[in-house]
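The values are calculated or read from the model by the stated rules, or taken from the named source; none is laboratory data. Being a predicted model, the structure only gives us computed values, none of them experimental. Here the Cβ is made from the backbone with ideal geometry for all residues, glycine too, and neighbour counts use every protein chain on show.
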């Protein structure tokens, strides 16, 4: 904040993994990953963040849509698999729904879902642009497994993906093999050295809000929208029917 001469007029705190019991009661402005608010009643002083939007792979996908490098968008094929510990099913769906609407630039108008409790879900959604989207979400990976995901945009002219063709697991930049075991390292911004990729994205999202607090009401409305889509998913699975989504992005 000091490097870029950003003056923050009130105390704030960045919550990365959990919201503390006093977060909604003290005078600090709390910035938290939006998925954390799914299990906590949102309060006025808790600002939801969407750190995945700061990941270079998603920034590039959105750029290809916005610049019409691929056009018109006809289908999105998304998949995200986790162990369910750090990212339960609702949190996975929250992120994937935001990516669908943000990358495509169109809101979801209806969806149909089939789920196996809180372990996995398959969703087919239609956008206002008439594009179709499929989402495969699962929390059935073995405990401690890193998340595995893939995001593919299919257009009449061109296809874009955040993984290379035929890639199942994202490659890391550096692999180290020592007597103590093996480790993998990926590129992160030099200004945020010492943070992993997820925390670096969260820090960048927080910086954007602190630099421009006028966007806070929009972020809070965005959270309500995504929480509603998650609820629609479980309602659709339970009722066995397509759900029409009210409102816009």
Inset, instruction - Give the number of residues within the range 133-164 that are in a loop (DSSP other than H, G, I, E, B) and touching a helix residue (DSSP H, G or I) at 6+ places or on another chain (Cβ under 7 Å). - result: 2
Legend entry - Selection count where residues are touching a strand residue (DSSP E or B) at 6+ places or on another chain (Cβ under 8 Å) and either surrounded by fewer than 19 Cβ atoms within 10 Å (Cβ to Cβ) or not in a strand (DSSP E or B) (or both), scope the range 116-132: 9
Inset, instruction - Examine the range 160-173 for a residue that is closer than 30 Å to residue 232 by Cα, under 19 Å from the mean Cα position of the chain (by Cα), touching a residue at least 40 places away in the same chain (Cβ under 8 Å) and crowded, with 16+ Cβ neighbours inside 10 Å, and state whether such a residue exists. - result: yes
Inset, instruction - From the list 104, 86, pick out the single residue that is under 15 Å from the mean Cα position of the chain (by Cα) and under 19 Å from residue 36 (Cα atoms). - result: 86
Legend entry - Enumeration of residues in the range 69-120 that are on the phi > 0 side of the Ramachandran plot and free of Cβ contacts under 8 Å to residues at least 24 places away in the same chain: 117
Inset, instruction - For the range 8-24, state whether one or more residues are out of contact with any strand residue (DSSP E or B) (no Cβ under 9 Å at 6 or more places or on another chain), surrounded by fewer than 18 Cβ atoms within 10 Å (Cβ to Cβ) and modelled with pLDDT of 90 or more. - result: no
Legend entry - Residue count, the range 174-202 (criterion: assigned to a helix (DSSP H, G or I), surrounded by 10 or more Cβ atoms within 10 Å (Cβ to Cβ) and out of contact with any strand residue (DSSP E or B) (no Cβ under 7 Å at 6 or more places or on another chain)): 7
Inset, instruction - Within the range 225-249, track down each residue that is part of a helix (DSSP H, G or I) and without any contact (Cβ under 8 Å) to a residue 24 or more places away in the chain. - result: 228, 231, 235, 238, 239
Legend entry - the range 88-114, subset touching a strand residue (DSSP E or B) at 6+ places or on another chain (Cβ under 8 Å) and assigned to a loop (DSSP other than H, G, I, E, B), residue surrounded by the fewest Cβ atoms within 10 Å (Cβ to Cβ): 107
Inset, instruction - Please indicate, with yes or no, whether at least one residue in the range 55-63 is buried (at least 21 other Cβ atoms within 10 Å of the Cβ), assigned to a helix (DSSP H, G or I) and modelled with pLDDT of 85 or more. - result: yes
Legend entry - Residue match in the range 42-54 (condition: surrounded by fewer than 19 Cβ atoms within 10 Å (Cβ to Cβ), closer than 21 Å to residue 208 by Cα, touching a strand residue (DSSP E or B) at 6+ places or on another chain (Cβ under 9 Å) and modelled with pLDDT of 90 or more): no
Legend entry - residue 207 over 16 Å from the mean Cα position of the chain (by Cα) and outside any helix (DSSP H, G or I): no
